[in-house]
Each structure stands twice: as structure tokens, then as C-alpha cells.
């Protein structure tokens, strides 16, 4: 398998290391900074250096565009223009809706690995960076099933959990679990700095340290992340303002019942959020008979992703005449496998446990 | 030294263990729940059980009232009525202004150790719970210097850093570094639970887990904490709303410059907050000549607390005729000691390094 990595920082470099070490892939890298290419080569994160993104994409089976958010759209378009017809092109940007909206190419599948937020730079790249990490994929209705399967296999092969999700849902999820917590962290440090003005030193307890660990984090990338997801984030901030007003009014009115209900609801929400998705178990094979039309694999992946069902592996077997095919899906846990049968059936696709 | 602990949960039990083990104190405990008293006795957290708070306070040199916030005011008044004239009475409640406002008794000094938030119950009590922990004290103008010194010595003796602070400042600090982070955590889980509605499972990254670790925490005590500090908290929520509106508008207007400035300011605030107060160094002795009048020790302690200067130990030596005395203060670090000389001098009190 020939893989190209465009942008060889922490994520691109880790993709290169993992694909070479675990799947024996040939990895060609390109980065606009020549010294970064050299360092990536020296560390074995890539096996060869290309002179441009287009050159890297040439002859690749998969291209990962791991450029910064601000340079992402242009890099993807360059790669799509240069790559062959049988090449999966993905990216690792932290927001997806705008990126997807402009690109209906059947070869392009948006991606976002949830890993590596703490550091940056190819010098921190590791082959095991993605072990167990959710790797969101945002296939569209035009996405090629064969290319989706190839990308899915490669990601599962390097230890990640590829999970299909609608691009707008993805951005809302990320705004909720990442971007809004960052906004809150920034607000908290600003408030505390004012409350502790002058010579006061805060007695920062663990809750404050935990809540503000990411305040002002990675100043070179976060403004871009906020701005790239500003629509979802503005909506969430508006909602947060509403919730804060409710709490504020309950406090101002010394409404103990309201405060107790609000606090208890938070406990239940937290338990539900953190308790979810921790199932394991043996792996079961499902076989679905699918019409060989664009988008059917994306439909299945999205339905299972929405239900938090982890597709451990998948394989497509098109019929010879191209009219019909079989998607084999491996799902962890009998309950999950049974739920998957129900969900795929509900799409009108014949499916059964193998 | 005879010490009484009224309320022997995690904090009261740990005070008892530490005072016995480190200072050889005799500790009598009382708790309205008889089985809690028995458990505290069995674990050696207290050496004897009293039949009431008043009985526990009788003959004590120091009484720590470690009752829940909702029962605190009544328990303190019971203890003050029963304790002798030469007894320091303190508490461990997490808000102070209301509590102090109603009690001008020279024996009462509000207290708040920043420790033990994670668990509760005497079964988790530990002698080392307060090692290195800030222990806020809120002396008033009428506070007895001798009783303040006694309390300070006992707390430093069990490993804490007693730090004097104005009661209203204390409540604003706690609202900033603890209560508002808890409010934000609750809002974040509520938002995420809605954004991830239905069957979606969140891909909760470290920033979300960190930011929401305390969401819905300790449902039996937090509503009381919020309500007891509602004035400071409402003010802070209003300010936070203002900050959120600024960010929201900058995002809605795609104002990159404003977002970058805001994010950079947060980085600076965080660095300033977390970098402060970490000085160490050798211990220096200061001697201040003080008129033997109420409040002078509180004035000194507050001035140094405000400047984040850690009083490692202190001793009062009243003149025989009661007209004049000396306060010896041990301060860590030469720079801090020199700053302390300046601050105490500024109060009109003659002071010098010994």
C-alpha cells in the first residue's frame, strides 16, 4: 500500500510511523517546511520525501492531509487534483462541515482522529498514538464504498476506532466536548485573574486546575479551530448563556429546590456521558447484501456510528457483474452485533449474522 | 492541648488524627450521628466522645466546628456559648462572609482548609490530609491575637499553611477558583448531553473529562455551598456572561484579531495564576513591636496573607504590664521576609529582621 502524508507534524508523522510499522505501507511525505521533512525522514516517520503535495499524492492509494486548519482546504484541493481515480483522500482537521460542504468528490472522506492534542511536532510522533482512539470519518452520499473500506481498514490497522458521523453532528459534538470547554477555561482564568487582582495569590484547588488546564492552549492553532467551527460554537455559547441565566436566577432567588434539581441533573448527565460506549466482548461477523451504488457503505457506517457501534473491521465483496455486493462487518459484542442487524435492516438492507 | 472537634467526618476526623499524632493533643469529638462517633473513636481520629457539642467544647483550648454548611452557624453558636473565655473557636466551612458578619466574638476565627474535596466520611480521614494545604483564616477586627496565634500554630503544626484573608475576599476567591468552575462543569455536561442526544456516544477527550470531573459532585453538600456563597457567585456569573458574549460576538463576526487577543490573554492569565506563590527558601524571623490591642495580629496576618506571604510560624510575647508586646513571625524566603518587613512597617508597626 502506498500512502502519502501531506503535513508531517505530530499527527502526520504518527500516521506515517504506524502505517509503516503495523501495516508495512510505503509512506511518502511532504511538508512545506523542508527541515520538517528531513526530521520526519531521519526519524523514520516517512520513507521518502516528495517535492510537493501533488507529487506525494501521485500513485498513492491513500493520502492523509495533515495540514493546519488554516491551510487545509487548499491542500486537500491540491491533492484531489493530483491523485488518481482509485485513491482515498482524507484529512485530520478538527472541524468538518465547511470542509465537506465544498467537496463532493467520491474520493474525499473527511477525518478527525481524537488524539495528540497535548503536544505537536514530528519529534513527538509515535506509532501508538492512535491506539484505541476514536477516529471520526465523515463520508458523504457520494463517497465510494471501496475507498471508504480501504481507509477504514488502514485506520483500524493502526489501532484506531474509525467511527462514521455526519459532518454537522461531528462539529456539534466537538463544540460540546472540546471547543466550549476551551472557551470556558479561558473565561475562568480571566475571571480568576480579576477576582484575585493585585497581590492576591489564588489557592487553586484541583477543580480549578482541571477546569483551566487548556486555557490559552496552543495559541497558534486554537484561534483557527474556534473560527472554523464558529457556527456550532456560537449556538452552544447561546445555549450555555441560557443555562447560566437559569442558575443565576435560582441563586439570586435562593431557590434551593431549583439548585438541587439542576445539580442532580448534572450528576445524571455526567454519569450517562462517561458511562456510555464502554462495552467490549467477542467479535461477531455480519453480512449485508447491498446494491452496488454510491453511498450505501456510508449509510451503514453512519447508522452504526450514530448508535455508537464500533465496526472493528469491514470488507466489501462486489458481485462480478457489479449489480450487487456484500459488506461484511465485524462488530464487538453480541448485543452490539444484534443492534447492528436491527439498524442495518431498518435501512432496507438485508443483513444477518454470519 | 485539649481540642474539641464538632462533626467528625473527613475533615473533622483528619484534624483529630493530625493533632493527636503530630502535636500530641487530647482530642474530644462530637457528632450528631452516634455511629460516626463510634467509628471515629475506633479509628483513633478522636480520643473521647462527648455527649453534645457543648460538652465537647467545655475545657477545650481550641474547638473546630466541622459541621456541614447547613448546620454550621447553629453549631458555632452552641460552641461559643459553652466554651471558656480562653478558647479559640474556628470552623471549616467553605464560605465565610455571612458566617463572620454575625459573630464579633473575639474567640471566633473563621477557617477553611483547602483539602479533602474528593471524598467524605471519617473512614477516609488521614493525618496528612492538610500537608501543604492552604488553610484560610478570616480574623476580624475584634479577634484575640493570642487565640489567633494558638490556632495558627496548631494548623502549621499539622502541616497546613494558615493564610489570613478578609472574609469577603475569601468568598470571591472561592467563587472564582471553585464554585464557578463547578457551575461551568454542570453547564458543560448538560450541553454535551443535549448535543449528543439520542444514541450518540461522545468521544470525550481529556479536556472534557478534566473540565467536567466535578459536575454534579457531592450532591448532598454542593447546593448548600452554592447557596451560602450566592452573592459572590451571582456577581461572577454575571461577569462570565459578559465575557461569553464578547467571545460569541467575535466568533459570529469572524473577528480573528479579537479571538487571538482573547486567547492570548487567557494564556497569560493562566501562567500568572499558576506561577504565583511557588517561592521557597530559608526561613527568616521578623519581630514586630505591637500595642497590645485587639486586632493588631489580625491586621498583620491579613496584610501578609493578601501579599501571599506564608507565615510559617508566629509567636506573641506580651509585655508584663500588658501595654506593649512583640509578635515574632517566621517567613519563608529572604525576598518574602523583606517584603513582609515593608508591609508590616506600612501598617505603622515597628518591625525588623531578627
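Computed quantities for the displayed model
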| read-out | value |
| --- | --- |
| Anisotropy class of the stretch B:2-165 from Cα gyration tensor, a/c 1.5 cut | rounded |
| Within 10 Å of each Cβ in A:165-174, the average number of Cβ atoms from other chains | 3 |
| Across the identical copies, how the residue B:85 labels are spaced - nm, sorted shortest first, 7 Å along Cα→Cβ | 10.3 |
| By average C-beta atoms within 10 angstrom, highest first, the peptides B:104-114, A:235-245 | B:104-114, A:235-245 |
| Prolate/oblate/rounded label for the stretch A:170-275 (Cα gyration tensor, a/c 1.5) | oblate |
| Helix B:10-23 axis, angle to chain B major axis (alpha carbon atoms, nearest 10°) | 40 degrees |
| Debye-sum result for the stretch A:42-98 in log10 I(q)/I(0), which assumes one identical scatterer on each alpha carbon, at q = 0.19 Å⁻¹ | -0.69 |
| Cα gyration tensor shape for the protein assembly as shown, rounded if a/c is under 1.5, else prolate or oblate | prolate |
| For q = 0.11 Å⁻¹, Debye-computed log10 I/I(0) when each Cα of the stretch B:283-353 counts as one equal scatterer | -0.22 |
| Helix A:296-306 vs. chain A, principal-axis angle (Cα, 0 to 90°, nearest 10) | 30 degrees |
| Per-copy distances of the residue A:317 label point, shortest first, in nm (7 angstrom along Cα→Cβ) | 9.4 |
| 10 Å Cβ neighbours from other chains, averaged over peptide B:299-310 | 2 |
| Partner chain coverage, peptide A:219-227 - average Cβ within 10 angstrom | 5 |
| Distance between modelled label sites at residue B:307 and residue B:220, nm, 7 Å Cα→Cβ extension | 4.4 nm |
| Average silhouette area of chain A, convex hull of alpha-carbon atoms, in square nanometres | 21.1 nm² |
| Helix axis angle, A:334-346 relative to chain A longest principal axis, alpha carbon, degrees | 70 degrees |
| Extended-chain gain in nm, criterion 0.36 nm per residue less alpha-carbon gap, residue A:74 and residue A:254 | 59.4 nm |
| Nearest-first distances (nm) between copies at residue A:264, label 7 Å from Cα via Cβ | 4.9 |
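Each reported figure results from applying straightforward, stated rules to the coordinates on display, with no laboratory input. Just so you know, these numbers come straight off a predicted model, no measurement behind them. Quick reminder, even Gly has a Cβ in these numbers, built from the backbone with ideal geometry, and neighbours come from all protein chains shown.
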